[in-house]
Structures are given as C-alpha cells and as structure tokens.
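One structure is given here, and the rest of the page talks about it.
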Amino acid sequence: MDSGRLPSSSPWVVIPTYNEADNIISIIAAVLEAVSNAHVIVVDDSSPDGTGTLVAELVAQDPRVSLLVRAQKSGLGAAYREGFREALERGASAVVEIDADFSHDPAVIPQLLAALDVGGGLAIGSRYVAGGASPGLSSGRLAISRGGNAYARFMLGLPVHDATAGFRAYSAETLSKIPLAEVRADGYGFQVEMAYRVHGLGLPIAEVPIIFRDRQAGRSKMSKRIVVEAMLLCTVWGVARRFPITFHRERQEQALDMIGKILSRLGELSAGKGS
Ligand SMILES: Nc1nc2c(ncn2[C@@H]2O[C@H](COP(=O)(O)OP(=O)(O)OP(=O)(O)O)[C@@H](O)[C@H]2O)c(=O)[nH]1
Ligand SMILES: [Mg+2]
C-alpha cells in the first residue's frame, strides 16, 4: 500500500454470500450509498437461489461492483480470504467485512474507516462495548456469543469485547502483514483468529459500538460446527500461548490437524441436516 494514503481513501467492502437473493441487491445499494467511494466484492459460493446471477447483472451495470464465484459452499473464512486477496490486489486502502443479511448497518462503515484513519490496524463493529447492543437475539444465541467472547478474551489475552464480530475494517497495511494462506479457521473462529493475529502484530484494535439486528430475510448459515471450531481453536492457541515450550509449533500443528479431522467428521454427520 502507498503509505501516504489514508485507509478511508479507497475502501473495498467484501460481502460473502450463500443464498442471499432476498438481501444482496439492497445491501450492495446501502453500502454504496453509505460509502460513496467504496468498491464492493461479493464472494458467492454458487448459491442455489441465484444470488450470483443477480450480482452478475449488477456487475455489468456498475463498475464499483465485482463478483467472485466459488464452485461450492466452502465456508466463510475461505470466502473472506479470497475476497481480501482480490481487494488488496486491486489496490484497496482498507477492506471491510459485512454480512449480507442487514444484521450490520452499512451506515456505520464510515466510523470504522475513521477509526483506521487515526491509527487503528483493525476496527471492529462491537455489540459489547458501551452503546452497542443486539436486541432480538435469543437468550441462547446471546449466551453462546457472550460466553465465546469471554473465553477468547481469557484464553488469548485479547483486549477485545467482541472478537467474533463479522462487521469490521482492516487497513490494507495490516491485512498485507497477515499470511492469509496460514489462517485456518472458518466462521467465528476466523474472526477471532484474525483479531488475534492483528494483536500479535502489535497493532491497535478499535471497537465501534453497533446495534446488531437479527436477519429479516433469508436463512441463517450458523451451525454447531462453527461454534465448536472456534472453541477448540481458542483452546489450542491459548494453551500454546501459556506453555510455548511444551506446546511448541509442531505439537500445535498436530492439535490443529486433529481439530480439522474432528470438524470434517462433524460436518459429514450434519451434512444430511443441511448445516
Ligand atoms: N461465500 C460464503 N458465504 C457464506 C457462507 N456461510 C455464510 N455466508 C455468508 O456470511 C454471512 C453471515 O452468515 P449468516 O448466515 O448470516 O450467519 P450469522 O450471522 O452467524 O447467523 P444469523 O445471525 O442467524 O444470520 C452472510 O452474508 C452469509 O450469506 C459460506 O460458506 N460461503
Ligand atoms: Mg447473519
């Protein structure tokens, strides 16, 4: 990145999608309205509901919109990694993550970018700082989310209240320092791993309060597998942080491989249920 450029000068917004035909056109419009100089990259996993086709029509009309299509549903983490690489290659000064389902208000993106402009490496849209909230979330979902965040804070020493949040902005400088090919996690674990890596680089993490809304249209892709993955990964990283000699890199890799196997078995078991 040109080091003289402010992160807000050329932001790219990455929207991962799987079956978001009810939301995708209006979320893109809302993003472009909120951030006049934004580009949008949709990373669609060949959604059976035609999300990709809708975006392709828009791409033909609007040069600010791009589409990456993947052959099959391959997880949120991998979708973001592809979108990040593309945005960096195309000259982004900052990269924003946002869900397609309107849980995240695009009008907050300028605040995330402003937090990067004053020196943040990562700016997180946080439900769990003063002024943030998630009305409408069931008590079960809230408990999982709050418990998961408390666990990540404790295990990783992360100075972040909402490490699992998927509404955030990275400066291009920060992202380019992270070896994306080595980032393992999917779902919530991906968000935690990225925050942990930014913290490990010694870069400041800002939290901007947000009101997280439940999705109004389309179906959730959240699964038990994603929650289990995040917990197991936090456990391995946390133990490795506390006992770096006993739990050296090779052992850590073995544990992470084992987690990968457990998760793919869990995935096979739940495949019939469509998660
Ligand atoms: N490309 C891609 N996008 C995905 C995948 N899984 C989820 N998404 C998208 O990632 C975003 C977040 O997924 P959601 O289903 O909303 O998950 P969530 O926000 O944890 O769950 P809800 O609160 O129930 O909506 C949405 O834009 C999804 O369409 C995937 O495997 N591949
Ligand atoms: Mg959602």
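The residues Phe247, Phe154, Phe102, sorted by heavy-atom accessible surface at 1.4 Å with ligands and nucleic acids left out, run Phe154, Phe102, Phe247 from largest to smallest. Expressed to the nearest 5 percent, the antiparallel share of DSSP beta bridges inside segment 7-217 is 25 percent.
Segment 101-168 and segment 211-273 have Cα centres separated by 19 Å. With all protein chains in place and a 1.4 Å probe, the accessible surface of the chain carries 56 percent carbon and sulfur.
Computed over the chain, the per-residue total of -39500 (n - 2.57) for DSSP H runs of n ≥ 4 gives a 222 nm mean residue ellipticity of -14500 deg cm²/dmol, rounded to 500. Contact order, relative form, for the chain: 21 percent (alpha carbon pairs under 8 Å, 6 or more residues apart, mean separation divided by residue count).
According to the calculation over all Cα-Cα pairs in the chain, the P(r) per 5 Å bin from zero is 1, 6, 13, 17, 20, 18, 14, 8, 3, 1, 0, 0 %.
The values are calculated or read from the model by the stated rules, or taken from the named source; none is laboratory data. Computed from a prediction, not measured in an experiment: that's the story for all the values here. Please note that ligands, DNA and RNA were not included when accessible areas were found on the heavy atoms of the full protein model with its side chains. Shrake-Rupley method; radii C 1.70, N 1.55, O 1.52, S 1.80 Å.
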